[in-house]
1. Please verify whether segment 323-330 includes one or more residues that are within 15 Å of Asp247 (Cα to Cα) and open to solvent by 30 Å² or more (accessible area, probe 1.4 Å).
2. Give the residues of segment 105-136 that are open to solvent by 60 Å² or more (accessible area, probe 1.4 Å), in contact with a Leu (Cβ under 8 Å, 6 or more places away or on another chain) and either over 15 Å from Lys36 (Cα atoms) or without any contact (Cβ under 8 Å) to a residue 24 or more places away in the chain (or both), sorted by residue number.
3. Return yes or no: is Glu70 surrounded by fewer than 21 Cβ atoms within 10 Å (Cβ to Cβ), out of contact with any helix residue (DSSP H, G or I) (no Cβ under 8 Å at 6 or more places or on another chain) and free of Cβ contacts under 8 Å to residues at least 12 places away in the same chain?
4. Taking segment 215-228 on its own, how many of its residues are touching a helix residue (DSSP H, G or I) at 6+ places or on another chain (Cβ under 6 Å) and either free of Cβ contacts under 8 Å to residues at least 60 places away in the same chain or closer than 27 Å to Glu489 by Cβ (or both)?
5. Just a yes or no: is a residue in segment 418-438 farther than 24 Å from Ile524 by Cβ and at pLDDT 95 or above?
6. Working only within segment 191-230, note down all residues that are part of a loop (DSSP other than H, G, I, E, B), open to solvent by 20 Å² or more (accessible area, probe 1.4 Å) and touching an Asp or Glu at 6+ places or on another chain (Cβ under 8 Å).
7. Going by the structure shown, is Gly409 in contact (Cβ under 8 Å) with a residue 60 or more places away in the chain and surrounded by fewer than 18 Cβ atoms within 10 Å (Cβ to Cβ)?
Amino acid sequence: MTRYTFQLTDSLEKVLPACRPAPLEQDRAVLLQNQKWAFQLAYTCANDDFGETSTEFRVRCSGPAAAAAELRRVDLVPCDYPCHGTWDENYLTTQPGLLPDLLVPLDTHEPIRAMPAQWRSLWVTVDASRLQPGDTELCLETFTAEGEPLARFALSIQVLPQALPPQTLYQTQWFHADCLADYYGVPVFSEEHWAILDKFIGCAAAHGINMLLTPVFTPPLDTAKGGERTTVQLVEVDWDGEAYRFDFSRLRRWTDICRRHGITEIEVSHLFTQWGAEFAPKIWVNTPAGPEKRFGWHTPAVGGEYTRFLRQFLPALKAELDELVGLDHVWFHISDEPHDHEKETYAAAKATIQDLLAGCHVIDALSSYAIYREGIVEKPIVCNDHLQTFADHGVKNLWTYYCTVQAIGVPNRFMAMPSARNRIMGVLLYQYDIEGFLHWGFNFYNSQRSVRHIDPFRVTDAGGAFPSGDPFLVYPGPGGEPWGSIRGEVLKDALQDLRLLRLCESRVGRPRTLELVRELAGEISFFAYPTDKAFFEKLWSAALELLAENAGA
């Protein structure tokens, strides 16, 4: 005989196999008209029949709000590298093991297998845009495989007539087109590849990504010196012996897909290699003698044929992108994350094209305020553990990022961290009035430095290089379908938090909105912020109350 236990819990609870999750505090949700709200149905079972008795059950959504609900199964994934050798106290674990992260689409008629003596969960998302303003109800019912009722949960939902404002934050999480071709085993820019790209670009947009890394040439990122990543070159280059000519047909198709999914910003892949800008990216050129890998690790960044090439290429690219999306929506990179000992080579590379990019958006990741002060990087994207220095010096319109290094004190999205540490980014983005956010890995399915391809369902740490969860936010499901993660859903909630605060600001002003945050959390920074997940329920409750008090403002 199988005995089941079910319990509702919130979306910030990571349901660990050995721990009973905290119960959902409220059975009522108040949602804005275009808000998405999630919770979990946690379950476990006990039996003593050594697998001979079924542990399968079924779940059904019912009630007036059922059509607005989506169910996904939360699966465990390997977390071989949960953290670096130093860590703080705000981790769920520092030991390798299995952690909940992968969200698998679930048909409501599909049976679910409970694991004896293990807690697992289903992820339930309610899309308020599919409901009419007013009061409604959602019920979750579970049944045995034979149809006998097991448990029933009823949640009341109130949908308010107000809506969250559009996202104004620029967000890019680097999109790796080559990894999709490699994982699915399809030729680059074949029709199969384009179909997969379309699905993953749409998924990126659903995560609030409105700026997409665009491989005009194969991005010179995360590549071992002398090594190569699979070629993904949108721009076809021809050389007739005297001049270069460019075919932008594939770039046009790429931008068409972006526009269709609501992605407005095009982020041109870096023009020089990572960490020092010493070399050219890999570029294939069609010559009278046939295709030639004309540029790459064998090509100096400055003073040779690559400089000549860029001075022909960049004006043509700018004219094309100006026609396609407008240059105000195009963002260029020189080289990623120059350090103090690399500033001379970065500055030299930048100088070769500075006049060509005059008036354009040029941004790069940067940790060093000293380099910024020298004017070498004019628009820095600052890691969140160094951002305070820039803010203290009054730098405006800041961007920020986090990656593998931001592992102590500051927010991040590692699997071994509690979800509240991921979600607090939305409030901090508002607190610092951040203009843009960058992350290096939306779908990086390679080992560190792209030495080999990996299976992201088995390897979540780039081959033991970065804490699990850093290299990618989505999984490559069957048929080219992107599958989500808990971390991705929490990111969406963080962006909703940011939009909620922007809505408050539009009603009562920024000073009063910041005061609201202080009333709930005190003075906050990237190193001092609420770690209790209860903060977010309090934030929404207080913000909605403030909005109701100022409904006519």
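The values are calculated or read from the model by the stated rules, or taken from the named source; none is laboratory data. Since the structure is predicted, the reported quantities are computational estimates derived from the model, not experimental observations. As a convention, Cβ positions derive from the backbone with ideal geometry for all residues, glycine included, and neighbour counts pool all protein chains shown. These accessible areas exclude ligands, DNA and RNA; they are computed on the full protein's heavy atoms, side chains included. Shrake-Rupley method; radii C 1.70, N 1.55, O 1.52, S 1.80 Å.
1. Here is the first cut: in segment 323-330, the ones within 15 Å of Asp247 (Cα to Cα) are 323-324.
Filter once more, so that each one left must be open to solvent by 30 Å² or more (accessible area, probe 1.4 Å): 323-324.
Yes - at least one qualifying residue is present in segment 323-330.
2. Of everything in segment 105-136, just one residue is open to solvent by 60 Å² or more (accessible area, probe 1.4 Å), in contact with a Leu (Cβ under 8 Å, 6 or more places away or on another chain) and either over 15 Å from Lys36 (Cα atoms) or without any contact (Cβ under 8 Å) to a residue 24 or more places away in the chain (or both), namely Thr108.
3. On the way: surrounded by fewer than 21 Cβ atoms within 10 Å (Cβ to Cβ): yes; out of contact with any helix residue (DSSP H, G or I) (no Cβ under 8 Å at 6 or more places or on another chain): yes; free of Cβ contacts under 8 Å to residues at least 12 places away in the same chain: no.
Here the answer is no, as Glu70 does not meet what is asked.
4. Applying the first criterion (touching a helix residue (DSSP H, G or I) at 6+ places or on another chain (Cβ under 6 Å)) to segment 215-228 yields 215, 222-224.
Among the residues that remain, those that are also either free of Cβ contacts under 8 Å to residues at least 60 places away in the same chain or closer than 27 Å to Glu489 by Cβ (or both) are: 215, 222.
Number of matching residues: 2.
5. First, pick out the residues of segment 418-438 that are farther than 24 Å from Ile524 by Cβ: none.
Scanning segment 418-438 turns up no residue that is farther than 24 Å from Ile524 by Cβ and at pLDDT 95 or above.
6. Correct list: Asn210, Thr230.
7. Details: in contact (Cβ under 8 Å) with a residue 60 or more places away in the chain: yes; surrounded by fewer than 18 Cβ atoms within 10 Å (Cβ to Cβ): yes.
In short, yes.
This table checks each residue for (1) at pLDDT 95 or above; (2) β-branched (Val, Ile, Thr).
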{"position": "Phe248", "(1), (2)": "yes, no"}
{"position": "Leu251", "(1), (2)": "yes, no"}
{"position": "His261", "(1), (2)": "yes, no"}
{"position": "Glu267", "(1), (2)": "yes, no"}
{"position": "Gly276", "(1), (2)": "no, no"}
{"position": "Phe309", "(1), (2)": "yes, no"}
{"position": "Leu314", "(1), (2)": "yes, no"}
{"position": "Leu317", "(1), (2)": "yes, no"}
{"position": "Val325", "(1), (2)": "yes, yes"}
